[in-house]
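First the structure, in the form of structure tokens, and then the observations on it.
The values are calculated or read from the model by the stated rules, or taken from the named source; none is laboratory data. This is a predicted model, so every value here is computed, not measured. All Cβ positions, even for glycine, are placed from backbone atoms using ideal geometry, and neighbour counts span all protein chains on display.
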Amino acid sequence: MQPTPSNPLSPTVFAQTYFHGTKANLQLGDLISVGFNSNYGEQKNAKYIFLTATLDAAIWGAELAVGEGRERIYLVEPTGPIENDPDLTDKKFPGNPTQSYRSTHPFRVVGEVTSWQGHPAEQVNAMKEALERLKQQGINSLNDE
């Protein structure tokens with residue numbers, strides 16, 4: 001049985017599915033680890049890596065990732081503890097409805113979602129413009145810490 005993110009001591013018979021949106025080309029079994037350039041913000045070496053239990057949040061992750069690669073969404077399995085992503089849970093969405101988490105422990109790629117519908121282009125462009133305005137104000141993601 002797997003522990004749940006909200007209560008790591010409370011077992012459940014169902015394993016939680018987690019997603020990671022990116023433009024990186026990964027293979028089954030690969031580990032996504034800290035210490036590589038972030039997909040977001042100032043693109044410094046990431047102190048944390050991020051995952052979500054909602055496909056919509058993973059789609060945003062793929063759409064907002066920097067780089068030239070194809071947008072991808074991977075099914076991932078945490079190899080250690082995860083915690084709420086404070087960028088979203090404390091600042092934007094109290095209660096973590098996006099089910100977004102971060103960790104310093106690697107995630108193992110266990111699959112890829114190959115059929116998904118992205119957000120409308122105007123919505124993605126508006127989000128990118130808003131993130132650029134924040135960056136110009138010196139407000140960056142905790143991903144860059």
For segment 76-87, does any single residue satisfy the condition of being modelled with pLDDT of 85 or more and surrounded by fewer than 12 Cβ atoms within 10 Å (Cβ to Cβ)?
yes
On the phi > 0 side of the Ramachandran plot and assigned to a loop (DSSP other than H, G, I, E, B) - does that describe any residue in segment 51-58?
no
Can you list residue pairs whose Cβ atoms sit under 6 Å apart, with the first residue in segment 12-34 being in contact (Cβ under 8 Å) with a residue 24 or more places away in the chain and surrounded by 15 or more Cβ atoms within 10 Å (Cβ to Cβ) and the second being among the hydroxyl-bearing types (Ser, Thr, Tyr) and outside any strand (DSSP E or B)? Count only pairs 6 or more apart in sequence or on different chains.
Val34/Thr104
Run Val124 past the list (1) β-branched (Val, Ile, Thr); (2) assigned to a helix (DSSP H, G or I); (3) modelled with pLDDT of 95 or more and report the number of the one that doesn't hold.
(3)
